[in-house]
Structure formats: structure tokens, C-alpha cells
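Let me begin by presenting the structure, written as C-alpha cells, before commenting on it.
Laboratory data are not the source of any read-out in this text; all were calculated from the coordinates shown. Not measured: the values here are computed from a predicted model. Cβ placement follows ideal geometry from the backbone for every residue including glycine, while neighbour counts extend to all protein chains displayed.
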2 protein chains.
Amino acid sequence: MKAYLDPRQEHHDPKHFMANGTRLQNPEQPRRVRVLRTGAEAAGCRFEPPADHGMGPIAALHSPEYLTFLRTIHTRWARMPGASDEVIPNIHPDRRTASYPRSAVGQAGFHQADTACPISAGTWEAAYWSAQSALSAAGAVLAGDRAVYALSRPPGHHAFGDLAGGFCFLNNSGIAAEWLLRHGRRPAILDVDVHHGNGTQGIFYDRADVLTVSLHADPARFYPFFWGHAHERGEGPGLGYNLNLALPRGTGNGATGLPQVLVQKGG
Amino acid sequence: MKAYLDPRQEHHDPKHFMANGTRLQNPEQPRRVRVLRTGAEAAGCRFEPPADHGMGPIAALHSPEYLTFLRTIHTRWARMPGASDEVIPNIHPDRRTASYPRSAVGQAGFHQADTACPISAGTWEAAYWSAQSALSAAGAVLAGDRAVYALSRPPGHHAFGDLAGGFCFLNNSGIAAEWLLRHGRRPAILDVDVHHGNGTQGIFYDRADVLTVSLHADPARFYPFFWGHAHERGEGPGLGYNLNLALPRGTGNGATGLPQVLVQKGG
């Protein structure tokens, strides 16, 4: 199977991660790229570097303010006296009523949903190439491949259109889906990560042109908490085009409840 | 002048405060009560303890989920392995789309807008009596006093109906205004703190029955960043009943621009 990965995806090297009120070491490390690559190669993947599709397909999904923020915030943050080495937000707006802020601290809160997506000098470059890997995989599918693997790290499924979160900055699968759509295909996104794909859900929530399905641990007591419940089915034209299958924590691969739910959905 | 203060307001004794990505000592200390009391007494205030008006006037302004959260979260948080001694949020929903979470970490993010309002064992008791001081001052006005001082610490103006923030938990002036309204008066809130009163604005934003006015440093580069701009004038029936007078940082008491703005508003 074809596979895509760019070495620059390792340039995002986060140190910190704040959870339960304490500062921990960030587990989303560059070595994840090498672990995943080794596993994928053992399963028959042949890696090549992605082509550069430029900013167009990324800007089709993410807002201009957000992309400017991701590209420039680390430099601006570093100028603040006493600021941390990585961009970590400390205030978040109720986005129903917020005005867009001009300050670096305000913009960090506006564009970072949590304290698990610190931004350092290499973050943008890594996120950019992670998205390009997804686009190259989509391009291979367009060219006739039935299945292609994109090793998109940093990951993407917690990133909304203008909001980073949970180690994610650009929504790689969303960018690929939007690009496939614009090339005449009808994409679906099946998310099998243990966490709900809240960013992907949020991006396509009111749209009927991309089906989003997420299997994940029940968010009642698990990140991302606010999203991933069964009642979140989409809205407006998108109603029915978002499916959340929240599983009890500890569910194994042999779980039998799932196919029935999927059959009910399709039937 | 009559003045109100309860000694239990000192029971909120926060240690931490996260800003610009680093953990700092919290400046909102119990000794602020004594500093303010000394100053108020020198200006002629005579303090007495507030009466207990119960939960009714507080529940008239704040949501049931939020009040349950404030009263119980510290006990629940303390049960989590490895949790910090104070409740500090690390994930915040985009409240336009969020489902209400069941977990302690999720609820902390839902109900705490920033990392500047840590909740410890004594927080609820102190916030409760701070609100009672405001209510007793309102009661004295109802009984005929022309001016009364409530020393409401912890402060309140950054607290929304279901959201703590910026050292604030219960919106003391909002609770007093709502109570005065229900007793037939037509209250206005004039907020002269250096920061914008975003919680007060948010609570009354779509209402015409309580005029909210805030003088503060321009939020373009100052907390609370997302609120306090001149264009935020209220909405729906409340349009025109919220007035933000953002001043350049460093503006002194002799500034002359203000009265003109107020005259234009009234004219």
C-alpha cells in the first residue's frame, strides 16, 4: 500500500501538557512518527514524501485568522516578558458572545481549546506537512488507488475550523475530505481513535456532503467531554450526517453491539 | 455610610494563577478584605455583618448546574488521582455546540472561563457571603439609605450566569441588581474596575431592565480581551442598554473625554 510522510512532521516537539491542574510531560512526541512508520512498513506500506499542494486546500477548511495565528503566534508570544517557551492559553471566551481579540494571549485563548496543544517554533511546519501527507494520499485515491495510508502526525481530528485542541492543529482528514469533494468525490470520515473526533464533527456538523462517523470511548468521563454523545447527530442540512458510537471504556475488538447500530442507521 | 462584610469572605484563599503559560502566585488574597476595610473605614464607613438572604436571590441569576458545581466541585476534584489541590480547568468547550459534561474535569472547563479562578475548599462559603453582603447593601437602599458600601470579596464582575473567571464566582452586583428589580426598583450597574465587567455585561446583554456601564482599560491588549469593546452595545431588547467606555491604558482621573461620551449617550 502507498503511504505518505514528510520528515518535517517531526519538527513539532512539544514539551508541556497541563491536565487536572498540573503540568505534565507532553506524550505527543516526534518519535510517534517513527513508531507508526515501523508498524506501517511491517504491514506492507511503502512510504514516499508528499507533494506540496500549497495553502489552498488548507484554507478551504480553516479560517484566515486561525491560519495566521498558527503561523505567527510563537514569534509574537516569545516577545512577551515572562512568557512560557510554548504557547499555552489561559483564558477562553464563551464564543457565542466574544469579539475577536488583538492580543497574543487573547488569540491563544480564542484559537486553542485546551492546554494540550502547545505551539512551539516548529509546530506550523510540522502541521503543514502533516496535512500535505493527507492530501497526497487523497490524490493517490483520485488517481485510482483503492486504499492509501497517510501518516499525519501531528494529528488532526480535535482541530475545528478555527480552533486547535488535543495535540491537533490542522484537521488532516477534513482537509483531504474537502479536497476530494471539490474533485467530484463523496467522502466519508470514519474515526477509530479512542477519543471522539470533535473537530471533525464540528467542521461538518451542518453539512450533508461529508458523512462523519466516530467510534470512541464514552465522553461522559473522557476527553473531549463536551462532544461525542449519541444525541449529536448534526444540524440543519447536516442532521443525520454525523454518527457517534460511544463505547464503554475497555471495549475490545470483539464487541458485537456496533454492527447492529450501523445496520439500524443504514436501514 | 453603612457598609457590609462577613468574616467568612476570607475563607477563599487561592494559591495559584496561570498566566502567559506559567504558574504564578494568585494575587487575589484574603488580606485584600482587610486593606479595603481599613480604607473604607478611614472614609467613614461603619461595617456590620450581612443578613442571610439564602439561595433564592443567587439562584435568580445563576444556573442550577453552575451553583451545584461551585458547591461540590472541590470535593469531587480532590478524589481524582494526581489532581492539583485547587480546581483549575484545562479544556474549554466552544459553547455554541457543547453538550453538558458529567466529569469533574469537563465541568471545570464548562464553568471556569480561565485559569485565574481556582476553587479551593473555602471558595463557596466566601463567595456566598460576598453575595450576601451585596444583598444587604441593596436591602439598606430599599429601606431608604441613599448610598451603601458592600465589600464584596471575592469579587463578581467577571462571573457570567454559569461561568466563573478572573477571580470571580458569583456576580455580586448582578445579584443585587436583580433583587432590586424584583423589589420594584430600576437598577443600573456602573463598573469602574480597571478590567471590563464581562460577566455583568453577559448576564444582562439581552435585557433592557438593567443598564450596564463599564469604564475600563481597552481590552485590545488587556484582560478580558474578548469583551469590553465599544461595539458591544447589547442585543435584542437589550440593544443600547450596555455601554463600554474603553480607555487607553494609563488614563488618569483627570481624563476629560468621558463626560462627553456620557452626554452623547444620554442625548
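Details
- Centre-to-centre, using Cα atoms only, segment A:44-84 and segment A:134-185 are separated by 14 Å.
- P(r) of segment A:58-153 over all Cα-Cα pairs, binned every 5 Å from zero, in whole percent: 2, 12, 19, 20, 16, 11, 8, 6, 4, 1, 0
- Dipole size of segment A:1-185 about its Cα centre, with +1 on Lys/Arg Cβ and -1 on Asp/Glu Cβ: approximately 100 debye, rounded to the nearest 20.
- Chain A comes nearest to the axis taking it onto chain B at the Cβ of one residue; that residue and its distance, in whole Å, are A:H92, 2.
- Global size of chain B: 18.3, 60 Å for Rg and Dmax (C-alpha atoms, Rg to one decimal, Dmax whole).
- For segment B:98-111, 3J(HN,Hα) computed residue by residue from phi via the Karplus equation (6.51, -1.76, 1.60; θ = phi - 60°) reads 7, 8, 5, x, 8, 6, 4, 5, x, 5, 4, x, 5, 10 Hz, glycine and proline entered as x.
- Nm distances between copies for B:R182, ranked from closest, using label points 7 Å along Cα→Cβ: 5.4
- Projecting the Cα positions of A:A220, B:G82, B:A159 onto the charge dipole of the protein assembly as shown (unit charges on Cβ atoms of Lys, Arg, Asp and Glu, taken about the Cα centre) puts B:G82 furthest along the positive direction.
- Take the Cα of B:T68, step 7 Å toward its Cβ, do the same at A:T22, and the gap between the two points is 2.9 nm.
- Positive end of the dipole of the protein assembly as shown (Cβ unit charges, origin at the Cα centre): among B:L36, B:L243, A:A177, the Cα lying farthest that way belongs to B:L36.
- Within the listed set B:Q107, B:Q132, B:Q201, the Gaussian network model of chain B (springs between alpha-carbon atoms below 10 Å) gives the highest mean-square fluctuation for B:Q107.
- Of the peptides B:83-95, A:64-76, A:156-168, the order by per-residue mean of other Cβ atoms within 10 Å, starting with the highest, comes out as A:156-168, B:83-95, A:64-76.
- In this assembly of identical copies, the label point of B:D52 (Cα plus 7 Å along Cα-to-Cβ) is separated from its counterparts by 7.0 nm, sorted shortest first.
- Dipole magnitude (debye, nearest 20) for the protein assembly as shown, charges at Cβ of Lys, Arg, Asp, Glu: 180 debye
- Between the residues A:P93, A:G144, A:C117, the greatest Cα displacement towards the positive end of the dipole of chain A, with unit charges on the Cβ of Lys, Arg, Asp and Glu, is found for A:G144.
- Taking θ as phi - 60° and the Karplus parameters 6.51, -1.76 and 1.60, the scalar couplings of segment A:211-219 work out to 6, 10, 10, 10, 9, 6, 5, 3, x Hz in sequence order, x denoting glycine and proline.
- The alpha carbon gyration tensor of segment A:1-59 gives principal lengths a ≥ b ≥ c with a/c of 1.5 or higher and a/b no greater than b/c, which makes the shape oblate.
- Near the amide H of A:A19, within less than 5 Å, lie the amide hydrogens of A:L24, all on another chain or at least 5 residues away, with H placed in the peptide plane.
- Largest-first principal axis extents, alpha carbons of segment B:51-97, Å: 39, 31, 12
- Using θ = phi - 60° in the Karplus curve 6.51 cos²θ - 1.76 cosθ + 1.60, the 3J(HN,Hα) couplings for segment A:239-248 round to 4, x, 9, 9, 10, 10, 10, 7, 10, x Hz; x is entered for Gly and Pro.
- Other-copy label distances relative to B:R37, 7 angstrom Cα-Cβ extension, nm: 6.6
- Counted over segment B:99-250 with a bin width of 10 Å, the fraction of Cα pairs per bin, in whole percents, is 12, 38, 36, 14, 1.
- Choice from B:G199, B:G139, B:G184 showing the highest fluctuation, given a GNM over chain B with Cα pairs closer than 10 Å: B:G184
- Amide H contacts under 5 Å for B:L247: B:H216, B:A217, B:D218, restricted to partners 5 or more places along the chain or on a different chain, H placed in the peptide plane at 1.01 Å from N.
- Taking amide H as placed 1.01 Å from N in the peptide plane, the amide H of B:D206 sits under 5 Å from that of B:E235, each at least 5 places away or on another chain.
- Restricting the calculation to Cα atoms, every distinct pair contributes to the Kirkwood radius of segment A:136-182, found to be 11.3 Å.
- Cα-centre dipole for segment A:133-254 with unit charges at Cβ (Lys and Arg positive, Asp and Glu negative), debye to 20: 220 debye
- Spread of Cα-to-Cα distances over 10 Å intervals beginning at zero, given as percent, for the protein assembly as shown: 4, 17, 26, 24, 15, 9, 4, 1, 0
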